[in-house]
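Beneath this line is the structure, given in structure tokens, with notes to follow.
The values are calculated or read from the model by the stated rules, or taken from the named source; none is laboratory data. No experiment lies behind these values; they were computed from the predicted model shown. No Cβ is skipped: glycine too gets one built from the backbone with ideal geometry, and neighbour counts run over all protein chains shown. To get the accessible areas, we keep the full protein, side chains included, count just its heavy atoms, and leave off ligands, DNA and RNA. Shrake-Rupley method; radii C 1.70, N 1.55, O 1.52, S 1.80 Å.
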There are 4 protein chains.
Amino acid sequence: MQAALVGVTGYAGMVLYQLLKDHPNIKKINIYDHKLTEPTTLESVAPVFKYEDAEVDPYDPTQIMADNDVVFFATSAGVTSKLSRPYLENHFPVIDLSGDMRLNTESSYEKWYHKPAAPEKYLRQAQYGLAEFESVKDQTYVANPGCYATATLLGLAPLIQNQLVDVKSVIVDAKSGTSGAGKKLSATTHFTETNDNLQVYKPNQHQHIPEIVQELHKWDKAVSSIQFMTTLIPVTRGIMSTIYAHVNDGVTEAQLSQAYHNTYDQKPFVHFTETDLPTIKQVVGTNNCDIGLAYNPDTKVVMIDSVIDNMLKGAAGQAVQNFNQMFDYEQTAGLKLKQMLV
Amino acid sequence: MQAALVGVTGYAGMVLYQLLKDHPNIKKINIYDHKLTEPTTLESVAPVFKYEDAEVDPYDPTQIMADNDVVFFATSAGVTSKLSRPYLENHFPVIDLSGDMRLNTESSYEKWYHKPAAPEKYLRQAQYGLAEFESVKDQTYVANPGCYATATLLGLAPLIQNQLVDVKSVIVDAKSGTSGAGKKLSATTHFTETNDNLQVYKPNQHQHIPEIVQELHKWDKAVSSIQFMTTLIPVTRGIMSTIYAHVNDGVTEAQLSQAYHNTYDQKPFVHFTETDLPTIKQVVGTNNCDIGLAYNPDTKVVMIDSVIDNMLKGAAGQAVQNFNQMFDYEQTAGLKLKQMLV
Amino acid sequence: MQAALVGVTGYAGMVLYQLLKDHPNIKKINIYDHKLTEPTTLESVAPVFKYEDAEVDPYDPTQIMADNDVVFFATSAGVTSKLSRPYLENHFPVIDLSGDMRLNTESSYEKWYHKPAAPEKYLRQAQYGLAEFESVKDQTYVANPGCYATATLLGLAPLIQNQLVDVKSVIVDAKSGTSGAGKKLSATTHFTETNDNLQVYKPNQHQHIPEIVQELHKWDKAVSSIQFMTTLIPVTRGIMSTIYAHVNDGVTEAQLSQAYHNTYDQKPFVHFTETDLPTIKQVVGTNNCDIGLAYNPDTKVVMIDSVIDNMLKGAAGQAVQNFNQMFDYEQTAGLKLKQMLV
Amino acid sequence: MQAALVGVTGYAGMVLYQLLKDHPNIKKINIYDHKLTEPTTLESVAPVFKYEDAEVDPYDPTQIMADNDVVFFATSAGVTSKLSRPYLENHFPVIDLSGDMRLNTESSYEKWYHKPAAPEKYLRQAQYGLAEFESVKDQTYVANPGCYATATLLGLAPLIQNQLVDVKSVIVDAKSGTSGAGKKLSATTHFTETNDNLQVYKPNQHQHIPEIVQELHKWDKAVSSIQFMTTLIPVTRGIMSTIYAHVNDGVTEAQLSQAYHNTYDQKPFVHFTETDLPTIKQVVGTNNCDIGLAYNPDTKVVMIDSVIDNMLKGAAGQAVQNFNQMFDYEQTAGLKLKQMLV
């Protein structure tokens, strides 16, 4: 098995390269960059890989399909859907980490991304790859979920799928480290502004909102919107999605807890920690999503604390998980990662 | 005017000492420590004040009342209510930064603080000092509000007082820097554990919950509980209280905004920044509470972002504000502080 | 007294504006911006001042000299020397926070700043304003020292002036927070790169090296170079300059200590803390330079730990100190600042 | 091969457990705790391992030697030398991460550690395991080096071994993240005190000084002391040892560079990056030591920037490296770790 990686200069692409290199079922990774016209060394485009002896080639879809069995895109939104069209036409296996193919309609993409959408026939060809819930075994194009969406959907799934809460009452207060914003410089992520600070950003406008709603809607047709807010925290890696919902009449705390156990006890990457509320640090370095719960009998509100490493479960890790599903490899192949204990 | 300060070794006491020293209406500050048996230097009990030439005396309430016009308590919960009894009996002016006298009933105090309460006759003698709403002009005992309570109540007041939202739908997701936890060492605030991390703590058990409910109940009798959750952030100073509520039918975004203007435009320390959402950093170093708003027409949820410096507006600053009210000084006396711009 | 401030959008200019506003001897501050063609509000050029009711005017030197008694430049290197020429010609009082006029020769400026220098007659007209050592009482143009230079020179002065150490053995390992690099975005100060990291930068090339050497040379003609290295730390404010030198034969630890006492005991802003080594935090928020000492009898090396707040003693604070000297005001006027205790 | 691990509750022990678990030549790890009297679960003594299904047994040296082929000690100084005596007597293989057996003389240990030393016959039996320089192939007791000592010695080795610098001129300014101080709570590592701060600590008294001197002395008999200072930085993981020395007359920059290449080009874990100065972050998560150099022709001083991950190359990683040497496994077995890229 040879895998193509398009885009290795962004944070997600760099982390994905690390994972693919150690994957037991990948013999060779071929790296491509659509901005190159001549082959060059990996170090020259991504200096962080100064000890890697690898080459990066210009982007040529015909050659890529000839030389590889699958292609991973770690290119940005707006770019990816243009690059990936030949694979869609040829039904060649693609794992796409960008947001370009996650939404089902052109209008939704254009509303939230403020860019031209891919044609709807291609959008419909792509499968949203929330790995614990959407099997991509027989798919050829996987739209890997956004980091916020992953933490939020995994946190909400047992509540919504089992109709344990009032869907209109759901409130998501999500917090992310700065690596989610990528390498692009901005005043918001300038150290002097970010350190010792909290900044609420993109209120009601985050582009992960529509993919959350689209997926929730599959689970409960009553969901048509979600209250979802994002805060930037002075942390490099990690997302905490804090979710609140009013519990339906008659639902007990034990039933809430049981729903999480039923949903996740057989899933290798999702841990339900009950009332032991997880911290961001306990998942950094892993592909895990840890989920804890606190029920308030006074307000009948359940709080769900769902944490992931945005670079792994929120990006490159889930991409490998989807790859494993697509090719029927062991679920945890290439993903037996060490938690950053200290 | 001479002011007594009891407790100068904790963070709030140290910051309060700085403020009182610069207060234009205080001629002399006399410092006391209930653990001392002999007078000593300020530096010996609080090494941070190495350039201050001040003395600390043993605690003697009779002497304190003889030598001072007011006493500030910056001692901890459980201790303060024992120390402050003589002043209550003598109707001598007290500003109490602890939580000991904030709640009106013994049972509530004992439920949330897990310590013996002061007798109810004393609890009723104390006035909860949310400075923008509770005049303490003719009071002798002010229970200065908790830091979380201050940010949350100031954020909620216009919504609740004007019945703009469904009180049962209110969700508060509050975040605090570590200085709120004080000087006491704990695993939670050990740098190696706190840095690069978020930790949800005391779920549904934070001792500021009952004072929030008690005050909200004054504004709207329908409030009997609140969904309030606290997260520790890797920041030294600052609180952000993020508040969500479902807006009542027929209420417009303009009405929400107008309510904040009406409530706060004449208040020197509270700034309503409309949809320009405030960050923690913009209030650090000041006695301000900055409040922004984001209304979501899809979900009919309003999000309120209320930020304070927990050491100032959340503790020592509001104490001085209450002191100014009690003695009818200019509201901003001693509180014209510089924002930590950088 | 009316003071002109040219440049209020950078960090140093913003902090300087705060200080000047509270200065007891300044009646009015007039703000100018050389990029403006029409007057505008302060908030529009520096949004951080959203509660200030102040105007910013286009830059017009004739008008500035007509309306003001002194002008402060907080504009960048390369720009300032062009703007400040009319004042030099008219011997109008200037406090210049940039590096443009600190060096005495054109060749040195061009070597270290990589920009065209001001003509040497102007360079010689400017007085380097290391406030504890260079009186600017009868000067009209003060070149306010660089932040690193201030911490380092104050740390070294007693050793060099009293010939206590081998000047060739001096090593300075200086560390700075990110605010020293200003508002300009760069990969080095991108939160994701800066957090959890240390970065040595500009090795042997920092532009503060020549002003350090120039000043040391005044104190001891034997000094013609200095080993000075800079490391960026994940901190917003503060510089620690760690200085090492081999003590001359026969010099005792007591003599070292005495030299610091003799030099600084009468200086209000410099504190010699003996072997109680200062931390960055103990000076943040103040115009202080705290200096501690550790002598190693095994190696005969003395280590000096000199800390300042780079925004205050390292920039705006020392500018006010120089202003006080120039106009013969009380040394601490406008500089009685509160330490950021917590 | 079965390996015993004594001490899994400290940071180094936890990280070592992770490494040993993935080591290709270890079939089983048996964990022991000298404070236990009954077997218990790993999670109960180290809650961070909540998903590990492992047991911890009471400490019994006879049983340990019967059941294992090697024992790793990750217990603290003062404790380890008492626990490890039976293995010394039996010449049973030990890798000791503590400082107890690193120094050759009782007097030196007692001077720097302020505790009773192990008898000198045992001290002499232990081999100091600076893995790049001291082969432990035929040793049974390895004293794994301290974190600061590792970064400093690897940085200094080419200079000292090749007599390129004046040994008396060497100055080491070392900086460490807080994890080096372990789990023990202290005011110095309380988040509120550590964040936004730099703290010089243990001036001229750090217990790693004597092991640095002892090893340097092996390389150059002229070395009898070292100027070494430590600063605590607001970072969790990582050490930067910044080393300065006056270059001997006639030595060129090219010779300095060549010495590093000669020494390290064949060593898998040490990278000489020439004038591209390494940052802490580039080694976090790995067993690497990255070393860069900046030569100053004006001062004839060479600056060496040597960085390691204190938990890995500075503790558990080097322990595994020594284990590999002791049992003649591949040098990088169990140590092909992923850099924390983001």
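Identify, by number, the condition in (1) over 20 Å from C:H23 (Cα atoms); (2) open to solvent by 20 Å² or more (accessible area, probe 1.4 Å); (3) of a type in the set (D, E, K, R); (4) within 12 Å of another protein chain (Cβ to nearest Cβ) that C:D265 doesn't meet.
(4)
Which of the following residues is of a type in the set (A, V, I, L, M, F, W, C), in contact with an Asp or Glu (Cβ under 7 Å, 6 or more places away or on another chain) and within 11 Å of chain D (Cβ to nearest Cβ): C:V307, C:V270?
From the options C:V307, C:V270, the qualifying one is C:V307.
Out of all the residues in region C:182-199, which are acidic (D, E) and facing another protein chain (nearest Cβ under 7 Å)?
Hit for region C:182-199 is C:D196, nothing else.
Do we find a residue being farther than 21 Å from A:V170 by Cβ, open to solvent by 10 Å² or more (accessible area, probe 1.4 Å) and among the charged types (D, E, K, R) anywhere in region B:288-309?
Within region B:288-309, none of the residues are farther than 21 Å from A:V170 by Cβ, open to solvent by 10 Å² or more (accessible area, probe 1.4 Å) and among the charged types (D, E, K, R).
So which residues in region C:198-225 are assigned to a loop (DSSP other than H, G, I, E, B) and surrounded by fewer than 23 Cβ atoms within 10 Å (Cβ to Cβ)?
Answer for region C:198-225, where residues must be assigned to a loop (DSSP other than H, G, I, E, B) and surrounded by fewer than 23 Cβ atoms within 10 Å (Cβ to Cβ): C:K202, C:P203, C:N204, C:Q205, C:H206, C:Q207, C:D220, C:K221, C:A222, C:V223, C:S224, C:S225.
Among (1) open to solvent by less than 20 Å² (accessible area, probe 1.4 Å); (2) in contact with a Pro (Cβ under 8 Å, 6 or more places away or on another chain); (3) of a type outside the set (A, V, I, L, M), which single condition is C:G317 missing?
That leaves (2) as the condition not met.
Which ones in region D:273-287 are free of Cβ contacts under 8 Å to residues at least 40 places away in the same chain and buried (at least 23 other Cβ atoms within 10 Å of the Cβ)?
Those that are free of Cβ contacts under 8 Å to residues at least 40 places away in the same chain and buried (at least 23 other Cβ atoms within 10 Å of the Cβ): D:L277, D:P278, D:T279.
State the number of residues belonging to region B:141-181 that are within 14 Å of chain A (Cβ to nearest Cβ) and not in a helix (DSSP H, G or I).
Qualifying residue count for the region: 10.
Kindly indicate the residue of region C:126-140 that is assigned to a loop (DSSP other than H, G, I, E, B) and of a type in the set (S, T, N, Q) and also nearest to the chain's Cα centre (by Cα) among those meeting that condition.
Checked region C:126-140; the qualifying residue nearest to the chain's Cα centre (by Cα) is C:S135.
How many residues are surrounded by 15 or more Cβ atoms within 10 Å (Cβ to Cβ) and in contact with a Pro (Cβ under 9 Å, 6 or more places away or on another chain) when one looks only at region A:41-67?
Final tally of qualifying residues: 5.
Say we look at region C:182-192 and pick out the residues that are in a loop (DSSP other than H, G, I, E, B) and either free of Cβ contacts under 8 Å to residues at least 12 places away in the same chain or under 25 Å from D:M240 (Cβ atoms) (or both); which of these is least open to solvent (accessible area, probe 1.4 Å)?
C:G182
When you go through A:I31, A:I26 one by one, which is the residue that is open to solvent by 10 Å² or more (accessible area, probe 1.4 Å), aliphatic (A, V, I, L, M) and at negative phi?
Testing whether each residue is open to solvent by 10 Å² or more (accessible area, probe 1.4 Å), aliphatic (A, V, I, L, M) and at negative phi leaves just A:I26.
Taking B:Y260 as the residue in question, decide whether it is touching a residue at least 24 places away in the same chain (Cβ under 8 Å), under 25 Å from B:G317 (Cβ atoms) and surrounded by fewer than 23 Cβ atoms within 10 Å (Cβ to Cβ).
no
Looking at region B:242-252, is at least one residue closer than 28 Å to B:K115 by Cβ, under 21 Å from the mean Cα position of the chain (by Cα) and outside the structural domain of B:A117 (by TED's automatic domain parsing)?
No, every residue in region B:242-252 fails to be closer than 28 Å to B:K115 by Cβ, under 21 Å from the mean Cα position of the chain (by Cα) and outside the structural domain of B:A117 (by TED's automatic domain parsing).
Does A:V235 qualify as being in contact with a Phe, Trp or Tyr (Cβ under 6 Å, 6 or more places away or on another chain), within 11 Å of chain B (Cβ to nearest Cβ), within 28 Å of D:Y51 (Cα to Cα) and open to solvent by less than 10 Å² (accessible area, probe 1.4 Å)?
Here the answer is no, as A:V235 does not meet what is asked.
Mind listing whichever residues of region B:74-125 are open to solvent by less than 10 Å² (accessible area, probe 1.4 Å), in a helix (DSSP H, G or I) and under 17 Å from B:I31 (Cβ atoms)?
Across region B:74-125, the qualifying residues are B:T80, B:Y87.
Is there any pair with a first residue in region D:319-342 that is within 20 Å of A:Y51 (Cβ to Cβ) and away from chain A (no Cβ under 14 Å) and a second that is buried (at least 18 other Cβ atoms within 10 Å of the Cβ) and modelled with pLDDT of 95 or more whose Cβ atoms are under 6 Å apart and which are 6 or more apart or on different chains, and what are they?
D:Q321/D:A131; D:Q331/D:N324; D:A333/D:N324
Is it true that D:V136 is surrounded by 22 or more Cβ atoms within 10 Å (Cβ to Cβ) and either closer than 15 Å to D:I212 by Cα or of a type outside the set (V, I, T) (or both)?
no
Return yes when C:L20 is open to solvent by less than 20 Å² (accessible area, probe 1.4 Å), under 25 Å from C:L185 (Cβ atoms) and touching a Leu at 6+ places or on another chain (Cβ under 7 Å) and no when it is not.
no
Could you tell me whether region B:96-117 includes any residue that is hydrophobic (A, V, I, L, M, F, W, C) and touching an Asp or Glu at 6+ places or on another chain (Cβ under 8 Å)?
Yes, region B:96-117 contains a residue that is hydrophobic (A, V, I, L, M, F, W, C) and touching an Asp or Glu at 6+ places or on another chain (Cβ under 8 Å).
Can you confirm whether D:I243 is closer than 29 Å to C:V302 by Cα, in a helix (DSSP H, G or I) and more than 9 Å from chain C (Cβ to nearest Cβ)?
Against the criterion (closer than 29 Å to C:V302 by Cα, in a helix (DSSP H, G or I) and more than 9 Å from chain C (Cβ to nearest Cβ)), D:I243 does not qualify.
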